[in-house]
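Just below is one structure, and these are the notes that go with it.
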Amino acid sequence: MLYQSQNSLSEILIQFDSVSGGYEGEMTLNNINLIIKKGEFIGMLGPSGSGKTTLLKSVLGDIRIYSGEIIINGKDEYKNELNIGYVPQLETIDWNFPITVRQLIEMGMIRTSKYFPWIKKEGKLAVEAISNRLGLEELMNRQIRELSGGQQQRTFLGRALVSNPDVLILDEPTSGVDIRTKEEIMAILNSLNHQGVTILMTTHEINSVASQLPRVICLKNSIIADGSPNEIFTEENFYATYGATVKTIEHDGSKFVIEML
Amino acid sequence: MLCALLVGMLCGVIGVYIVMRGMSYIGHGLSHAIFGGAVVSSLMSINFFIGASVWGFISAVLINLATKKKTIGADAAIGIITTASFALGIAIISKFKTFTRGFDAALFGNVLGITNADLIAVIFVTLFAFIIVLVFYKQLLFATFDYDVAKYYGVPVIWIDVIFSMTLAATIVVSMQVLGVTLIAAAVVIPAVVSRLLTNNFLHMLIFSTIIGGFCGLFGIYLSYYLDIASGASVVLFSSLLFIIALLYSTYKGRITRTINIRKNKFHL
Ligand SMILES: Nc1ncnc2c1ncn2[C@@H]1O[C@H](COP(=O)(O)OP(=O)(O)OP(=O)(O)O)[C@@H](O)[C@H]1O
Ligand SMILES: [Mg+2]
């Protein structure tokens with residue numbers, strides 16, 4: 001595994017206690033038990049419609065919980081005081097909206113800079129710092145449609161990062177980008193994780209993303225498997241998650257999955 | 001004249017949020033619903049502004065809720081309720097003939113019928129709307145762009161919706177006399193669409209739309225004096241003309257930038 005979490009993982013940040021929930025009577029999440037500690041870097045796999053986005057949103061208090069409870073930093077999820085940065089699945093974005101990269105990143109400051117259109121000097125510096133770090137400085141006045149997939153991902157990452165969040169929740173941050181950009185995004189996330197940011201992300205990429213993470217969860221409405229890729233990348237788990245037959249191989253100490261058609 | 005300018009600016013600025021939320025039909029529904037409210041309140045001898053605003057605010061909140069539910073039939077329900085409210089207004093007018101304002105004026109706008117009280121109401125609502133848009137600029141922008149994610153970033157979206165619905169209802173109530181029930185929706189939507197064609201920057205869009213709305217209001221009213229036509233109609237016709245010009249301009253500009261891009265690419269090759 002390429003990306004390693006920090007060693008001292010002790011403080012519990014997010015805890016799901018037998019949580020079932022979903023949308024309007026539908027049981028999208030079924031009996032979820034999950035503990036996320038401060039400083040973890042977790043990837044979530046699962047087929048389309050398996051509830052990955054729903055699970056992320058339940059951390060943000062936006063999903064109706066039928067039973068069980070979600071405890072965030074010792075409080076229930078509706079009273080959460082953690083600063084959480086959220087990067088939505090890019091398919092949900094209205095690309096026609098007339099908004100520039102700068103305006104989008106500035107949105108991320110809304111917790112600290114609430115009223116009037118302008119932002120404070122520290123805010124401007126923060127926006128500048130984050131856009132330099134993400135390599136967006138040349139693109140600040142572009143409308144969001146006029147960007148490549150990787151640039152779009154980085155812009156939304158910028159919005160999530162500009163307020164220095166404790167937790168970063170990302171919905172498929174590597175979808176629609178090439179191999180190199182994927183590597184760049186993962187390297188950014190890894191270095192954030194090393195600065196102490198707890199990361200929970202979803203992905204469809206088993207070999208290039210999930211297999212490199214310290215902890216992976218396989219979700220299909222309920223949790224099928226949870227652990228390091230070396231522990232949970234098994235043919236049975238992938239069959240149970242995706243209903244597909246795969247073969248696993250080992251290379252360089254990491255486990256990978258080959259699709260069998 | 002001042003009244004027309006302010007009403008135009010007001011509709012322009014509110015229109016940006018309406019258009020970007022994809023709720024263009026709300027202005028239409030709301031103005032019809034408010035017409036009913038206005039007539040009922042005049043029948044019950046309640047103050048026109050208060051009666052119509054309360055009715056309008058309730059309708060705006062209901063329409064907003066129906067849109068969020070996304071269940072099939074929500075739009076049909078909106079259509080039925082607002083049209084029923086409109087029909088109720090017309091029924092009452094034709095039965096009792098008590099509506100103090102001219103029937104034509106209410107439907108198509110008549111700037112000559114404006115009283116001092118109307119003007120004061122317009123000034124008050126314009127000030128209110130601009131203060132709201134200025135103070136809650138960030139919240140409104142975030143909630144308009146991405147309602148759910150705004151929630152996750154701590155924007156009190158429900159309150160923002162309530163405040164916006166209030167502003168919208170008040171806007172339509174005070175614009176009714178100038179623009180008329182049937183034409184308000186166009187006056188709200190067109191300046192925003194025109195400015196959307198001219199810019200990709202939200203703040204610029206807001207500013208352009210205000211200016212264009214004000215200009216259309218002013219010039220439209222001037223035309224209505226000059227040509228002796230209903231003020232709402234002339235404002236809408238004039239802004240439609242601007243829309244066509246903007247459309248042609250943006251297609252043309254699009255073509256130019258595309259050519260430049262092609263040239264650049266060739267240069268790189
Ligand atoms: N807003 C909603 N209202 C009602 N049902 C929803 C809503 N969003 C998602 N669902 C349903 O909940 C289930 C889980 O959806 P979810 O978006 O969590 O899947 P996902 O694992 O993120 O899929 P993908 O990989 O395609 O993003 C699906 O059956 C979906 O139809
Ligand atoms: Mg999803």
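Answer yes or no as to whether A:Arg154 is among the basic types (Lys, Arg), surrounded by fewer than 20 Cβ atoms within 10 Å (Cβ to Cβ) and assigned to a helix (DSSP H, G or I). Steps first, please.
Values: among the basic types (Lys, Arg): yes; surrounded by fewer than 20 Cβ atoms within 10 Å (Cβ to Cβ): no; assigned to a helix (DSSP H, G or I): yes.
Answer is no for this residue.
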Has region B:166-185 got at least one residue that is closer than 25 Å to B:Gln139 by Cβ and surrounded by fewer than 22 Cβ atoms within 10 Å (Cβ to Cβ)? yes
Contact list please: Cβ distance under 6 Å, first residue in region A:165-177 and within 11 Å of another protein chain (Cβ to nearest Cβ), second residue within 13 Å of ligand 2 (Cβ to nearest atom) and open to solvent by 10 Å² or more (accessible area, probe 1.4 Å), pairs at least six apart or on different chains. A:Asp171/A:Thr53; A:Asp171/A:Gln89
Are any residues in region A:247-257 among the aliphatic types (A, V, I, L, M) and buried (at least 19 other Cβ atoms within 10 Å of the Cβ), and if so, which ones? A:Val257
Right, A:Arg159: of a type in the set (D, E, K, R), within 11 Å of chain B (Cβ to nearest Cβ) and open to solvent by less than 30 Å² (accessible area, probe 1.4 Å) or not? yes
Spans of helices (runs of 4 or more DSSP H) in region B:80-196 with at least 3 residues within 14 Å of chain A (Cβ to nearest Cβ) and of a type in the set (Phe, Trp, Tyr): B:137-145
Of the candidates A:Asn193, A:Asn207, A:Asn164, the one satisfying the condition of being touching a Phe, Trp or Tyr at 6+ places or on another chain (Cβ under 6 Å) and open to solvent by 50 Å² or more (accessible area, probe 1.4 Å) is A:Asn207
Segments classed as strands (runs of 3 or more DSSP E), wholly inside region A:31-100, with at least 1 members that are more than 14 Å from chain B (Cβ to nearest Cβ): A:41-45, A:64-72
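Against the condition under 30 Å from B:Val133 (Cα atoms) and away from ligand 1 (no atom under 16 Å from the Cβ), how does A:Lys182 come out, does it pass?
Values: under 30 Å from B:Val133 (Cα atoms): no; away from ligand 1 (no atom under 16 Å from the Cβ): yes.
Here the answer is no, as A:Lys182 does not meet what is asked.
Is it the case, given these coordinates, that A:Ser18 is more than 16 Å from A:Pro173 (Cα to Cα), in a helix (DSSP H, G or I) and not acidic (Asp, Glu)? Quick ask: steps written out before the conclusion?
Details: more than 16 Å from A:Pro173 (Cα to Cα): yes; in a helix (DSSP H, G or I): no; not acidic (Asp, Glu): yes.
No; evaluated as a whole, the condition is false for this residue.
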Within 14 Å of another protein chain (Cβ to nearest Cβ), under 22 Å from A:Ile12 (Cβ atoms), within 16 Å of ligand 2 (Cβ to nearest atom) and in a strand (DSSP E or B), is that true of A:Leu219? no
Taking the criterion of being open to solvent by less than 30 Å² (accessible area, probe 1.4 Å) and within 16 Å of ligand 2 (Cβ to nearest atom), would at least one residue in region A:119-126 satisfy it? no
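Among what's in region B:120-135 and is open to solvent by less than 50 Å² (accessible area, probe 1.4 Å) and among the hydrophobic types (A, V, I, L, M, F, W, C), pick the residue that is nearest to A:Ser113 (Cα to Cα). Walk me through it before giving the result.
Filtering region B:120-135 for residues open to solvent by less than 50 Å² (accessible area, probe 1.4 Å) gives B:121-122, B:125-126, B:129, B:132-133, B:135.
Imposing the further condition that a residue be among the hydrophobic types (A, V, I, L, M, F, W, C) reduces the set to B:121-122, B:125, B:129, B:132-133, B:135.
Working: B:Ala121: 32, B:Val122: 31, B:Val125: 26, B:Ala129: 21, B:Ile132: 16, B:Val133: 16, B:Val135: 11 Å.
Checking each candidate, the answer is B:Val135.
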With respect to the numbered conditions (1) modelled with pLDDT under 90; (2) touching a Pro at 6+ places or on another chain (Cβ under 9 Å), which one is the sole condition not fulfilled by B:Ala105? (2)
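Yes or no, residue by residue, for (1) at pLDDT below 90; (2) open to solvent by less than 40 Å² (accessible area, probe 1.4 Å); (3) within 16 Å of ligand 1 (Cβ to nearest atom):
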| site | (1), (2), (3) |
| --- | --- |
| A:Ile36 | no, yes, no |
| A:Phe41 | no, yes, no |
| A:Leu45 | no, yes, yes |
| A:Ile63 | yes, yes, yes |
| A:Asn83 | yes, yes, no |
| A:Tyr86 | no, yes, yes |
| A:Pro98 | no, yes, no |
| A:Val101 | no, yes, no |
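So, in region A:167-188, how many residues would count as being within 16 Å of ligand 2 (Cβ to nearest atom) and open to solvent by less than 10 Å² (accessible area, probe 1.4 Å)?
Residues of region A:167-188 within 16 Å of ligand 2 (Cβ to nearest atom): A:169-176.
Adding the requirement that they be open to solvent by less than 10 Å² (accessible area, probe 1.4 Å) leaves A:169-171, A:173-174.
Here the count works out to 5.
This table checks each residue for (1) open to solvent by 10 Å² or more (accessible area, probe 1.4 Å); (2) not small (Gly, Ala, Ser).
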residue: B:His28; (1), (2): yes, yes
residue: B:Gly36; (1), (2): no, no
residue: B:Ala66; (1), (2): yes, no
residue: B:Ala84; (1), (2): yes, no
residue: B:Ala91; (1), (2): yes, no
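The values are calculated or read from the model by the stated rules, or taken from the named source; none is laboratory data. For clarity, every value in this text was computed on a predicted model and none was experimentally measured. A quick note on method: Cβ atoms are made from the backbone with ideal geometry, for glycine too, and the neighbour counts reach across all protein chains shown. For the accessible areas, the whole protein counts, side chains as well, though only heavy atoms, and no ligand, DNA or RNA atoms are used. Shrake-Rupley method; radii C 1.70, N 1.55, O 1.52, S 1.80 Å.
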